[in-house]
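Undergrad: What follows is a structure written as structure tokens; I'll ask about it next.
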Amino acid sequence: MADFDVIVIGGGPGGYVAAIHAAQLGLKTACVEGRETLGGTCLNIGCIPSKALLNATHHLHEVHENFEKMGLMGGAPTVDWTKMQAYKQDVVNGNTKGIEFLFKKNKVTWLKGWGSIPAAGQVKVGDEVHNAKNIIIATGSEPSVLPGITVDEEVVITSTGALALGKIPETLVVIGAGVIGLEMGSVYARLGTKVTVVEYLDAITPGMDGEVAKSFQKILTKQGFTFVLGAAVQSVERTGDTAKVSWKLRKDDSAGEITADAVLVATGRKPYTAGLGLEALGVEILPRGQIKVDSHWQTSVPGVYAIGDAVPGPMLAHKAEDEGMAVAEVIAGKHGHVNYDVIPGVVYTTPEVASVGKTEEQLKDEGRAYKVGKFPFMGNARAKAVFQADGFVKLLADKETDRILGCHIIGPGAGDLIHEVCVAMEFGASAQDLALTCHAHPTYSEAVREAALACGLGAIHA
Ligand code: NAI
């Protein structure tokens with residue numbers, strides 16, 4: 001039995017960041033992780049492997065779409081799926097080993113195994129019980145599968161199976177037009193799979209700015225996606241190597257069905273807290289399964305904290321990381337803070353889609369007076385040079401004060417471009433502050449500046 005100042009349960013982006021930062025702050029820290037490798041869902045079976053596959057298939061898409069236009073002639077490469085999977089695994093291994101190295105460097109003890117909390121101040125791993133002055137639950141989330149659907153991870157799959165299919169399917173049905181469905185759908189569409197997305201709502205990517213979502217759908221349709229919107233999935237039945245998805249359209253109850261080689265169920269995720277012993281411990285759980293925490297991420301049991309996907313808020317690795325940093329600060333007696341108004345969201349398709357702050361729909365609902373500055377990538381020389389002129393930057397600012405309220409980008413490098421707006425928002429900047437900041441030419445970021453100009457002074461290239 002060992003004594004720790006902090007034991008973190010879960011070694012994903014929330015947990016490992018909390019552990020490293022707690023150790024940096026001088027606290028004796030351990031992190032419990034039952035997987036063979038650190039990094040949680042994100043590094044092992046989420047963000048990172050999907051980005052490897054998105055990268056490889058993006059290049060293939062470029063070969064097919066743009067190489068000849070640039071005078072790069074010759075046959076398109078053939079796809080070696082086994083090798084692509086190995087590349088993906090190398091990327092994962094490099095990253096998970098990196099976290100192990102950071103644990104050693106920062107003197108964080110990795111307690112290997114699955115943890116539970118038999119009592120406040122105690123964490124049990126295997127047969128051993130460790131004392132901890134503070135416990136941080138960072139156990140993440142798991143796919144939330146529709147009732148009545150049986151996932152086998154071969155034909156009826158979640159994101160986990162989608163990253164490791166035995167072969168490239170000829171046809172794929174994606175249930176749910178959210179981030180996972182569209183990112184993994186993109187991987188397979190670029191590999192030649194016929195992808196059909198069945199979505200319950202009447203638009204894709206719920207919560208995204210409506211104008212951006214519409215443009216996104218158009219672009220994906222051009223890339224070969226088929227969308228069935230407003231469709232409530234009734235059943236998924238596997239027969240042999242295929243599965244049949246049946247739905248009813250919400251507008252008129254008419255039935256539809258499609259059979260495919262693979263069916264990806266991407267209808268959201270739910271907190272993963274099974275086996276921790278939270279009920280016996282008396283930790284309050286919210287109706288949707290999340291752990292209730294106060295503004296310092298403390299649960300209803302003193303000394304037990306929770307962060308990341310297991311608590312309310314967007315299920316995003318970077319939100320979990322920020323909470324991990326902040327809760328370590330709080331435990332160390334400092335001031336930990338997360339600005340929930342400035343958390344970017346990115347979809348890593350081509351083009352990328354990124355957003356931060358309020359959508360236009362939210363501002364309308366709130367009855368706020370706002371102005372819109374929009375700039376199309378068609379007016380951006382760099383985007384045109386690389387055949388990525390689809391999309392636009394949309395900046396929303398307060399009508400009176402010009403303060404930036406939100407930004408929504410669909411276009412090249414959107415996932416990186418969004419951060420200059422995040423920083424601007426953190427500093428309470430106005431659209432004019434952005435507009436009067438010199439941006440290098442020729443860069444995609446000039447489009448952000450032009451959108452800021454469009455909020456007041458007027459865009460130059462539109
Ligand atoms: P999501 O919540 O983003 O989307 C789920 C979609 O499924 C919604 O559009 C919903 O309307 C639809 N849906 C629900 N029930 C349905 C039904 N019966 N029939 C048809 N459609 C139905 O969830 P997703 O894509 O599974 O992602 C889970 C979480 O992981 C999200 O919080 C997401 O933000 C996060 N994530 C983030 C990534 C990123 O930041 N790039 C990448 C992957 C996941």
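The values are calculated or read from the model by the stated rules, or taken from the named source; none is laboratory data. These figures come from a predicted structure and were not determined experimentally. Every residue, glycine as well, gets a Cβ built from its backbone with ideal geometry; the counts of neighbours run over all protein chains shown.
Undergrad: Given the residues GLY176, GLY192, which is the only one that is at positive phi and within 9 Å of the ligand (Cβ to nearest atom)? I'd like the intermediate steps shown before the answer.
TA: Numbers: GLY192 fails: within 9 Å of the ligand (Cβ to nearest atom).
Answer to the check: GLY176.
Undergrad: Of all residues being without any contact (Cβ under 8 Å) to a residue 60 or more places away in the chain, touching a helix residue (DSSP H, G or I) at 6+ places or on another chain (Cβ under 8 Å) and at negative phi in segment 304-329, which is farthest from the ligand (Cβ to nearest atom)? Just the residue, please. Walk me through it before giving the result.
TA: Initial filter on segment 304-329 (without any contact (Cβ under 8 Å) to a residue 60 or more places away in the chain): 311-314, 316, 319, 322, 326.
Right, trim to touching a helix residue (DSSP H, G or I) at 6+ places or on another chain (Cβ under 8 Å) and you get 311, 313, 319.
So of that shortlist, the ones also at negative phi come out as 311, 319.
Working: VAL311: 13, LYS319: 9 Å.
Going through the qualifying residues, I end up with VAL311.
Undergrad: Just one of HIS419, HIS408 is within 16 Å of the ligand (Cβ to nearest atom) and either charged (D, E, K, R) or touching a helix residue (DSSP H, G or I) at 6+ places or on another chain (Cβ under 9 Å) (or both); which is it?
TA: Working: HIS419 fails: either charged (D, E, K, R) or touching a helix residue (DSSP H, G or I) at 6+ places or on another chain (Cβ under 9 Å) (or both).
Matching residue, one of HIS419, HIS408: HIS408.
Undergrad: Quick test for you: out of GLU400, GLU426, GLU446, pick the one residue that is crowded, with 20+ Cβ neighbours inside 10 Å and of a type in the set (Asp, Glu).
TA: Every option except GLU446 fails the conditions.
Undergrad: What tally of residues in segment 123-161 results from selecting those that are within 15 Å of the ligand (Cβ to nearest atom) and either among the small types (Gly, Ala, Ser) or in a strand (DSSP E or B) (or both)?
TA: Residues flagged as within 15 Å of the ligand (Cβ to nearest atom) and either among the small types (Gly, Ala, Ser) or in a strand (DSSP E or B) (or both) within segment 123-161 amount to 10.
Undergrad: Please verify whether GLY373 is in contact with a Gly (Cβ under 7 Å, 6 or more places away or on another chain) and either part of a loop (DSSP other than H, G, I, E, B) or under 14 Å from ALA452 (Cα atoms) (or both), treating the condition exactly as stated.
TA: Working: in contact with a Gly (Cβ under 7 Å, 6 or more places away or on another chain): no; either part of a loop (DSSP other than H, G, I, E, B) or under 14 Å from ALA452 (Cα atoms) (or both): yes.
Considered against the rule, which asks whether it is in contact with a Gly (Cβ under 7 Å, 6 or more places away or on another chain) and either part of a loop (DSSP other than H, G, I, E, B) or under 14 Å from ALA452 (Cα atoms) (or both), GLY373 comes out as no.
Undergrad: Also, I was wondering about something else. Among the residues of segment 280-289, write down those that are in a loop (DSSP other than H, G, I, E, B) and surrounded by fewer than 19 Cβ atoms within 10 Å (Cβ to Cβ).
TA: Taking segment 280-289 first, the residues in a loop (DSSP other than H, G, I, E, B) are 282-284, 286-289.
Once the filter is applied, which keeps residues that are in a loop (DSSP other than H, G, I, E, B) and surrounded by fewer than 19 Cβ atoms within 10 Å (Cβ to Cβ), segment 280-289 yields GLY282, GLU284, LEU286, PRO287, ARG288, GLY289.
Undergrad: Give the number of residues within segment 332-344 that are touching a residue at least 60 places away in the same chain (Cβ under 8 Å) and within 16 Å of the ligand (Cβ to nearest atom). Let's see the steps before the verdict.
TA: To start, the set of residues in segment 332-344 that are touching a residue at least 60 places away in the same chain (Cβ under 8 Å) comprises 332, 334, 339, 341-342, 344.
Among the residues that remain, those that are also within 16 Å of the ligand (Cβ to nearest atom) are: 342, 344.
Number of matching residues: 2.
Undergrad: Name the residues in segment 60-91 that are among the β-branched types (Val, Ile, Thr) and surrounded by 11 or more Cβ atoms within 10 Å (Cβ to Cβ), would you? Reasoning before the result, please.
TA: So the first thing to find is which residues in segment 60-91 are among the β-branched types (Val, Ile, Thr), and the list is 63, 78-79, 82, 91.
Of everything in segment 60-91, those that are among the β-branched types (Val, Ile, Thr) and surrounded by 11 or more Cβ atoms within 10 Å (Cβ to Cβ) turn out to be VAL63, VAL79, VAL91.
So that you can scan it fast, the table gives a plain yes or no per residue for (1) of a type outside the set (Gly, Ala, Ser); (2) touching a Leu at 6+ places or on another chain (Cβ under 7 Å):
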residue	(1), (2)
GLU142	yes, no
ILE157	yes, yes
THR160	yes, no
ASP202	yes, yes
MET208	yes, no
ILE219	yes, no
LYS222	yes, no
THR226	yes, no
GLY230	no, yes
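Undergrad: Tally the residues that are in a strand (DSSP E or B) and without any contact (Cβ under 8 Å) to a residue 40 or more places away in the chain, restricting the search to segment 346-370.
TA: Pass one, segment 346-370, residues in a strand (DSSP E or B): 346-347, 352-357, 370.
With the extra rule that they be without any contact (Cβ under 8 Å) to a residue 40 or more places away in the chain, the set shrinks to 370.
Total meeting the criteria: 1.
Undergrad: While we're here: Condition first: surrounded by fewer than 21 Cβ atoms within 10 Å (Cβ to Cβ), away from the ligand (no atom under 16 Å from the Cβ) and in contact (Cβ under 8 Å) with a residue 12 or more places away in the chain. Now tell me which residues in segment 259-279 satisfy that.
TA: Listed by number, the residues that qualify are THR259, ASP261, GLY275, GLY277.
Undergrad: Run down ALA385, ALA414 and say which single residue is among the hydrophobic types (A, V, I, L, M, F, W, C), buried (at least 23 other Cβ atoms within 10 Å of the Cβ) and out of contact with any helix residue (DSSP H, G or I) (no Cβ under 9 Å at 6 or more places or on another chain). Don't jump to the end; show me each part of the working.
TA: Numbers: ALA385 fails: buried (at least 23 other Cβ atoms within 10 Å of the Cβ).
None of the others qualify; the one that does is ALA414.
Undergrad: Find all pairs meeting these conditions: Cβ atoms under 6 angstrom apart; at least six residues apart or on different chains; first residue within segment 57-77 and touching a residue at least 12 places away in the same chain (Cβ under 8 Å) and outside the structural domain of TYR188 (by TED's automatic domain parsing); second residue part of a helix (DSSP H, G or I) and basic (Lys, Arg).
TA: Here the result reads THR57/ARG190; LEU60/ARG190; HIS61/ARG190, each pair linking segment 57-77 to a residue that is part of a helix (DSSP H, G or I) and basic (Lys, Arg).
Undergrad: Let me ask another. Can you tell me which residue is surrounded by the fewest Cβ atoms within 10 Å (Cβ to Cβ) among those in segment 195-246 that are on the phi > 0 side of the Ramachandran plot and near the ligand (Cβ under 10 Å from one of its atoms)? Steps first, please.
TA: At the first step, the residues of segment 195-246 found to be on the phi > 0 side of the Ramachandran plot are 205, 207, 224, 230, 240.
Still in the running and near the ligand (Cβ under 10 Å from one of its atoms): 205, 207, 230.
Numbers: THR205: 22, GLY207: 12, GLY230: 17.
Only one residue fits best here, namely GLY207.
Undergrad: Going residue by residue through segment 260-274, is there one that turns out to be modelled with pLDDT under 95 and out of contact with any Pro (no Cβ under 9 Å at 6 or more places or on another chain)?
TA: Taking segment 260-274 first, the residues modelled with pLDDT under 95 are 274.
From what is left, the residues that are out of contact with any Pro (no Cβ under 9 Å at 6 or more places or on another chain) are 274.
Scanning segment 260-274 turns up at least one residue that is modelled with pLDDT under 95 and out of contact with any Pro (no Cβ under 9 Å at 6 or more places or on another chain).
Undergrad: Has segment 291-299 got any residue that is assigned to a helix (DSSP H, G or I), away from the ligand (no atom under 12 Å from the Cβ) and closer than 25 Å to SER159 by Cα?
TA: The initial filter retains those residues of segment 291-299 that are assigned to a helix (DSSP H, G or I), namely none.
For segment 291-299, residues assigned to a helix (DSSP H, G or I), away from the ligand (no atom under 12 Å from the Cβ) and closer than 25 Å to SER159 by Cα: absent.
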